[in-house]
Amino acid sequence: MPQDRSPVLELAGITKSFGGVEALRGVDFALYAGEIHGLVGENGAGKSTLMKIIAGLHPEFSGRFLVDGQETRFRSARDAHAAGIAMVHQELSVAPDLTVAENVFLGNQPTNRLGIVQWRRMAREAGEQLARFGIDVNPMSRLGDLPIGQQQLIEIARVLFSGARIIVLDEPTSALSPPEVERLFATLQRLRDEGTGIVFISHFIEDILRVSDTVTVFRNGRKVAESVAAATTKGALIEAMIGRGGEALEHSYTDDLMLPTSNGGSVVLKAEQLSLARSLREVSFETRSGEVLGIYGFMGCGQQELSRILFGKLTPDSGTLSVDGRPRRFASTADARRAGVALVPESRRAMLFHQEPVYKNISISILERISALLLKPAREREIAKRQVQQLQIRPPVVGLDLGMLSGGNQQKVALAKWLSYPPRLLVLCEPTRGMDVGAKNDVINIVRDLRQRGLAIIVLSTEPETVLSLSDRILVLRRGAVVREFSNEPVSKDRLLAAA
C-alpha cells in the first residue's frame, strides 16, 4: 500500500444495518490512486454492501466517507458518478433490448448542439472502445442476442472507458472465459498504471492474488485482515475468511466432516458430458434415491444453467440425461415434470405468486390431477393444509396471501408446491439463502426427511455451510467443469473453498 500518499477514497468506522441487522460494523477501508485493491470474503460478509455505499446506492449509514481527503456523503448513484466513481455490479445491469452501442453510452449518448443523438458517431466510438478491449461485435446489434459472457464484457467496458477515476468491480469474471479474463486483467493493469484506483471483488482467490496490489478480507460484516497481495497466500486468505479458531467449529466448518458411505439406492438421474456454450463443460454425474448430491461452486460457476437443463428450461449443446435408466431429452419444463423432476429455483419470485393465497401456490402443480374442468378450492385447501402442517409453515393459515409470510416460510411453500406432486428428483437451488438460523434449520430438516423417504435430491449452492450440512456426496464446479468430488471421505469448508 502506498504510504507516502493520501488515499483518493477513505472510509472510517462505517456501520450499516438492514432491518436491525448489522451488515457492516465499524469498517475502515482506503483506496489509493494507481492501486488495485482486492476484496474477499464469504457470501454475506459485507463486501457488496460497502461497495454500494461507495457507489451511492446506500446513502444511510454511520461513519466517515472521504474523497480526496474531503468528507462527503453521496445521496445517489448520480452523486457518485459526478465524483468520478463507477461500479460494475454482481448482477448484470445492461439493457438487453437496446443496441450494443446504446449500452456502451448508456445515459451518456453523444448529441449535437440541438440535443439530437449522433447515432453514427456513437456506433463508431463504441466499436473503437470495444476493439481496445478485444471485443469484435456489431455495435448496432441487440445486446440481448449476445452470450452472457459478452454482455458482461460490454458492461465492464462501459465502466472502464467511462473516464471514472475510481472503479469498483463486483465479481467481474464470473461469466468470462479464460481469454476474456486475460484481456480484463491487462486492461485493469493499464488503467492502474494511468492512475485509476480500482476495487476488485472476487470469489476466485487466485484472480485476486494475481491482479491486486493490496488484499482486504471481510468476515461477518467486519474487516478482519489486510495485506500486500505479494506477501500472502490463498491458504492464509481462506483461513482469514472462515475464521479458524475465532468461532465455534460447528458453525465455521473448519473441522473435517465425514461424508457417509453410499446408501446403494437406485440411480434416478444420470447426466453425461453436458455442455452449454460458455456455461458448462462436459459435466457428468449421477444421483440415487435416498441421496442428497451437493453441487458447490462460486457465483457464475454454471450451477444455475445446470439446474435449468435438469428441469427442461435450457437445452444443452451436447450431452445426455437419463431418468430411471431411460434416456430423456426435455423440450420443456412439462417434459421434466412428467419424468418426475421438480425444481425450486434460487429466486422464490420466479415460481410463487405473492398476491395469491398460500393454498393456491401449493396446489398449482397438481391442478390437472384434482380438477378436469372446474377448480375445486375445497380440495386445494385440504391438500395445502396437510403440507402446511407437515412442513410447519407459519402462520398455518392457507388462505393468507403468500406475501404476508417470512422468506423462510415462503421457501417452505415453494417446497410444498412440489411435494404435493411428488417428484422422483428434487433440484434445490440456494435453498437456505437469505434465511435466519431457525428457518435454515427447518429447511435442512425437511430435506433430510425427504431423503429418508427415498427422494433423490440435488442441492446447488454457493454457501458451503448449506452443502456441508445436507450432502451425502459433493461435486465442486469451477467455471463450468467438475473439478473435484468428495465422497465417503472427510470434507471441510476450507477444502471446498480451495477446490472451487
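The values are calculated or read from the model by the stated rules, or taken from the named source; none is laboratory data. Just so we're clear, the structure is a prediction, and the values are computed from it rather than from any experiment. No Cβ is skipped: glycine too gets one built from the backbone with ideal geometry, and neighbour counts run over all protein chains shown.
Give the residue, chosen from 481, 416, that is under 21 Å from residue 311 (Cα atoms) and either free of Cβ contacts under 8 Å to residues at least 40 places away in the same chain or touching a strand residue (DSSP E or B) at 6+ places or on another chain (Cβ under 6 Å) (or both).
Working: 416 fails: either free of Cβ contacts under 8 Å to residues at least 40 places away in the same chain or touching a strand residue (DSSP E or B) at 6+ places or on another chain (Cβ under 6 Å) (or both).
Testing whether each residue is under 21 Å from residue 311 (Cα atoms) and either free of Cβ contacts under 8 Å to residues at least 40 places away in the same chain or touching a strand residue (DSSP E or B) at 6+ places or on another chain (Cβ under 6 Å) (or both) leaves just 481.
Among 298, 330, which is modelled with pLDDT of 90 or more, assigned to a loop (DSSP other than H, G, I, E, B) and among the aromatic types (Phe, Trp, Tyr)? Give the derivation first.
Details: 298 fails: modelled with pLDDT of 90 or more.
Going through 298, 330 in turn, just one is modelled with pLDDT of 90 or more, assigned to a loop (DSSP other than H, G, I, E, B) and among the aromatic types (Phe, Trp, Tyr): 330.
Only one residue in 207, 193 is surrounded by 17 or more Cβ atoms within 10 Å (Cβ to Cβ) and in contact (Cβ under 8 Å) with a residue 12 or more places away in the chain, so which one is that? Give the derivation first.
Numbers: 193 fails: surrounded by 17 or more Cβ atoms within 10 Å (Cβ to Cβ).
Matching residue, one of 207, 193: 207.
Out of all the residues in segment 157-166, is one or more aromatic (Phe, Trp, Tyr), surrounded by 17 or more Cβ atoms within 10 Å (Cβ to Cβ) and more than 22 Å from the chain's Cα centre (by Cα)?
Step one: of segment 157-166, the residues aromatic (Phe, Trp, Tyr) are 161.
This time we only want the ones that are surrounded by 17 or more Cβ atoms within 10 Å (Cβ to Cβ), so: 161.
So of that shortlist, the ones also more than 22 Å from the chain's Cα centre (by Cα) come out as 161.
Taking every residue of segment 157-166 in turn, at least one turns out to be aromatic (Phe, Trp, Tyr), surrounded by 17 or more Cβ atoms within 10 Å (Cβ to Cβ) and more than 22 Å from the chain's Cα centre (by Cα).
Looking at (1) in a loop (DSSP other than H, G, I, E, B); (2) on the phi > 0 side of the Ramachandran plot, which is the only condition residue 282 fails?
Just one mismatch for residue 282, condition (1).
Within segment 1-116, considering only helices (runs of 4 or more DSSP H) that don't extend past its boundaries, which have at least 1 residues that are in contact with a helix residue (DSSP H, G or I) (Cβ under 6 Å, 6 or more places away or on another chain)? Give the derivation first.
On the way: elements: 47-54, 77-82, 100-104.
It comes to 100-104.
Give segment 333-374 a look and list any residue that's small (Gly, Ala, Ser), surrounded by fewer than 16 Cβ atoms within 10 Å (Cβ to Cβ) and at pLDDT below 85, or say none. Give the steps one after another, and end with the answer.
The first filter runs over segment 333-374 and keeps only residues small (Gly, Ala, Ser), leaving 334, 336, 339-340, 342, 347, 350, 363, 365, 371-372.
From what's left, surrounded by fewer than 16 Cβ atoms within 10 Å (Cβ to Cβ): 334, 347, 350, 371-372.
Of everything in segment 333-374, those that are small (Gly, Ala, Ser), surrounded by fewer than 16 Cβ atoms within 10 Å (Cβ to Cβ) and at pLDDT below 85 turn out to be 347, 350, 371, 372.
Quick check: anything in segment 480-498 under 20 Å from residue 286 (Cα atoms), of a type outside the set (S, T, N, Q), surrounded by 21 or more Cβ atoms within 10 Å (Cβ to Cβ) and in contact with a Cys (Cβ under 9 Å, 6 or more places away or on another chain)?
yes
Filter segment 117-135 for residues that are assigned to a loop (DSSP other than H, G, I, E, B) and within 16 Å of residue 161 (Cβ to Cβ) and give the result. Explain how you work it out, then say what you get.
So in segment 117-135, the residues assigned to a loop (DSSP other than H, G, I, E, B) come out as 118, 133-135.
Passing the criteria: 133, 134, 135.
Take the residues in segment 400-415 that are part of a helix (DSSP H, G or I) and out of contact with any Lys or Arg (no Cβ under 9 Å at 6 or more places or on another chain), then tell me which one is farthest from residue 459 (Cα to Cα).
Keep residues of segment 400-415 that are part of a helix (DSSP H, G or I), which gives 402-404, 407-415.
Retained after the next criterion (residues that are out of contact with any Lys or Arg (no Cβ under 9 Å at 6 or more places or on another chain)): 403-404, 415.
Details: 403: 25, 404: 27, 415: 13 Å.
By that ranking, first place goes to 404.
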